[in-house]
Amino acid sequence: MNWLEIFKEKGAFLEGHFLLSSGLHSPNYLQCALILQYPDLSEKIAKEIAEKIPKDLQIDVVVGPALGGIIVAYELARALKVRGIFAEREEGKMKLRRGFNINPGEKVLICEDVVTTGGSALEVAELVKEYGGEVVAFACIVDRSGGKKIFDEPLYSLIQLKLDTYKPEECPLCKEGVPLVKPGSRGLR
């Protein structure tokens, strides 16, 4: 499947001037929620990501940060036949709520919808360690890190895209006066 074409067909590949949750600006934004609203596509995405993960990698639980990682974690957990949970922000810090738990020694796969700087996933990794779990890998639908090594553990993605990002003070779109849009679900740190 040509996933980038599917993103474009579903209106999930946006063009303009966007403020990313990392604080960076970009002329492109991938709104994975517009893809994940289709259960058949969500299932296919998770299965394709799961196929990239080595069969001998032990995974006991998949954890995604809310909001973008909830559906991804659920579908990926289903594809891997393991438990799927999510972390959410409480007073600005990632926490496990709703009775979710990670047992000491459990092998954890952390998943996201889009990884640019890995900030949310790294926060979840710290949370996993607090519970005594072991992060064994990361996964995402879209890796837009540009090939940077963000995590010590491997990152498995459906697609990799090198999309431009700019520090606010260096952003050419700001200099051109293009209105800035914050499309994500999270405020800046």
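The values are calculated or read from the model by the stated rules, or taken from the named source; none is laboratory data. Model, not experiment: these values are computed from the prediction. Neighbour counts are summed over all protein chains in view; Cβ atoms, including those assigned to glycine, are modelled from backbone coordinates with ideal geometry. Note: accessible area is taken over every heavy atom of the protein model, side chains too, but ligands, DNA and RNA are not part of it. Shrake-Rupley method; radii C 1.70, N 1.55, O 1.52, S 1.80 Å.
Just a few scattered comments:
- Scanning the stretch 53-79 for residues that are more than 16 Å from the chain's Cα centre (by Cα) and surrounded by fewer than 17 Cβ atoms within 10 Å (Cβ to Cβ) yields 54, 55, 56, 57, 58, 78.
- Within the set 5, 15, the sole residue that is without any contact (Cβ under 8 Å) to a residue 60 or more places away in the chain, part of a strand (DSSP E or B) and open to solvent by 40 Å² or more (accessible area, probe 1.4 Å) turns out to be 15.
- Condition check for residue 46: modelled with pLDDT of 95 or more and out of contact with any Asp or Glu (no Cβ under 8 Å at 6 or more places or on another chain): no
- Members of the stretch 104-135 found to be in a strand (DSSP E or B) and under 17 Å from residue 72 (Cβ atoms), listed by number: 108, 109, 110, 111, 112, 113, 114, 115, 135
- Residue satisfying condition, being assigned to a loop (DSSP other than H, G, I, E, B), over 29 Å from residue 3 (Cβ atoms) and at pLDDT below 95, within set 99, 187: 99
- Given (1) modelled with pLDDT under 95; (2) touching a Lys or Arg at 6+ places or on another chain (Cβ under 8 Å), number of the condition residue 156 does not satisfy: (1)
- Checking each residue of the stretch 38-58 against the condition of being part of a strand (DSSP E or B) and in contact with a helix residue (DSSP H, G or I) (Cβ under 6 Å, 6 or more places away or on another chain) gives no match.
- In a residue-by-residue description of the stretch 159-179, the property of being closer than 21 Å to residue 52 by Cβ and β-branched (Val, Ile, Thr) applies to at least one position.
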